[in-house]
Amino acid sequence: LACVFGMLAGSVAGIVTAWLHVKLGILQLLASILVMVALYSVNLRIMGAPNLPLLGETTVFSSLVTDGNGYWMRCLIIGVVILLAKLLLDWFYSTETGLSMRATGSNLRMAQAQGINTSWMTIIGMAVSNGLIALAGALFVQTQGGADISIGIGTIVIGLAAVIIGETIIPAKRIWLITFAVIVGAVLYKLFIQVALSSDTLRSIGFGPQDLNLITALLVVLALVLPKAKTKFLSRRVRA
């Protein structure tokens, strides 16, 4: 129930963000920042403190996880959730509403010219995306054994890097491949971070766990540069 209501709360936050932009004309980025700042106080009020331990509490993993299978069982459960979310998104984006939403995201003016209610599509898209984000947050805190008020800071950078890495490695136009590329990008991003933090080479030049944000920023820069470098390389090959 906590996961379900958390997901619904995230959808409401997405709807409010979209409403500020669509109905009140507030810039997209500013609307998201305003809602995020407001939700900081909402989270504090709900949690009652900056930190909320969940050790000993019943979670979605409690009935299946034991002392012997704790690590891989959590990975399996989260993997099943990710797979279900991917399949549902693949199905949704193949419907008329989903295609209208994709058209709105690709070319707003073209979508409006085709008679699509782009304001409504924006609201639905924000509700779906923020609902999935909230579900991910609910599962994450239950995996970690506690919630912290600042636990989501910097997550948007991870999401951006995951999408760019996935699209660079698996360029595709089919929706099932696009969603698969995002999942692959997210896994590879976390793998790169883990390798970077445990690398003896990086430690030898002074990097350590305290440099996680710096390493993250460098990886995001690399992810942003890769598509352009790949395009230049392919164009040179074609000319050659």
Check your understanding: From the list 66, 59, 143, which residue is in a helix (DSSP H, G or I) and either among the β-branched types (Val, Ile, Thr) or on the phi > 0 side of the Ramachandran plot (or both)?
Key -> 143
Review point. Would region 117-129 turn up any residue that is within 25 Å of residue 153 (Cα to Cα) and in contact with a Leu (Cβ under 7 Å, 6 or more places away or on another chain)?
Key: no
Point to revise | region 1-39: number of residues that are more than 22 Å from residue 139 (Cα to Cα) and in contact (Cβ under 8 Å) with a residue 40 or more places away in the chain | key: 6
Review point. Do we have residue 29 as outside any loop (DSSP other than H, G, I, E, B) and either surrounded by 12 or more Cβ atoms within 10 Å (Cβ to Cβ) or outside the structural domain of residue 144 (by TED's automatic domain parsing) (or both) here?
Key: no
Practice item. Quick one: which residue in 136, 85, 147 is aliphatic (A, V, I, L, M), in contact with a strand residue (DSSP E or B) (Cβ under 8 Å, 6 or more places away or on another chain) and not assigned by TED's automatic domain parsing to the domain that holds residue 183? Key: 147
Check your understanding: Would you call residue 44 on the phi < 0 side of the Ramachandran plot and not in a helix (DSSP H, G or I)?
Key -> no
Exercise for review: Would you tally the residues in region 148-176 being more than 21 Å from residue 90 (Cα to Cα) and acidic (Asp, Glu)?
Suggested key: 1
Point to revise | Subset of region 78-102 that is touching a residue at least 60 places away in the same chain (Cβ under 8 Å) and closer than 16 Å to residue 140 by Cβ - its residue that is farthest from the chain's Cα centre (by Cα) | key: 78
**Study point:** Among (1) modelled with pLDDT of 90 or more; (2) out of contact with any Ser or Thr (no Cβ under 9 Å at 6 or more places or on another chain); (3) more than 29 Å from residue 224 (Cα to Cα); (4) surrounded by 15 or more Cβ atoms within 10 Å (Cβ to Cβ) - the single one residue 147 does not satisfy
**Key:** (1)
**Study point:** Residues (surrounded by 15 or more Cβ atoms within 10 Å (Cβ to Cβ) and hydroxyl-bearing (Ser, Thr, Tyr)) located in region 74-96
**Key:** 93
Check your understanding: Given the conditions (1) buried (at least 17 other Cβ atoms within 10 Å of the Cβ); (2) modelled with pLDDT under 90; (3) under 28 Å from residue 174 (Cα atoms); (4) of a type in the set (S, T, N, Q), which single one is not true for residue 118?
Key -> (2)
Exercise for review: Please state which one of 178, 193, 164 is surrounded by 19 or more Cβ atoms within 10 Å (Cβ to Cβ), assigned to a helix (DSSP H, G or I), touching a helix residue (DSSP H, G or I) at 6+ places or on another chain (Cβ under 7 Å) and β-branched (Val, Ile, Thr).
Suggested key: 164
Check your understanding: So which of 123, 116, 77, 82 ends up being assigned to a helix (DSSP H, G or I) and within 30 Å of residue 25 (Cβ to Cβ)?
Key -> 123
Check your understanding: Taking region 94-120, which residues are in contact with a helix residue (DSSP H, G or I) (Cβ under 6 Å, 6 or more places away or on another chain), among the aliphatic types (A, V, I, L, M) and closer than 25 Å to residue 81 by Cα?
Key -> 101
Point to revise | Filtered residue count, region 222-240, keeping only those that are among the aliphatic types (A, V, I, L, M) and either touching a Pro at 6+ places or on another chain (Cβ under 7 Å) or touching a residue at least 24 places away in the same chain (Cβ under 8 Å) (or both) | key: 3
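The values are calculated or read from the model by the stated rules, or taken from the named source; none is laboratory data. Note that the coordinates shown come from a computational prediction; the quantities given were computed from them, not determined experimentally. FYI the Cβ positions are ideal-geometry reconstructions off the backbone, even for glycines, and counts take in every protein chain you see.
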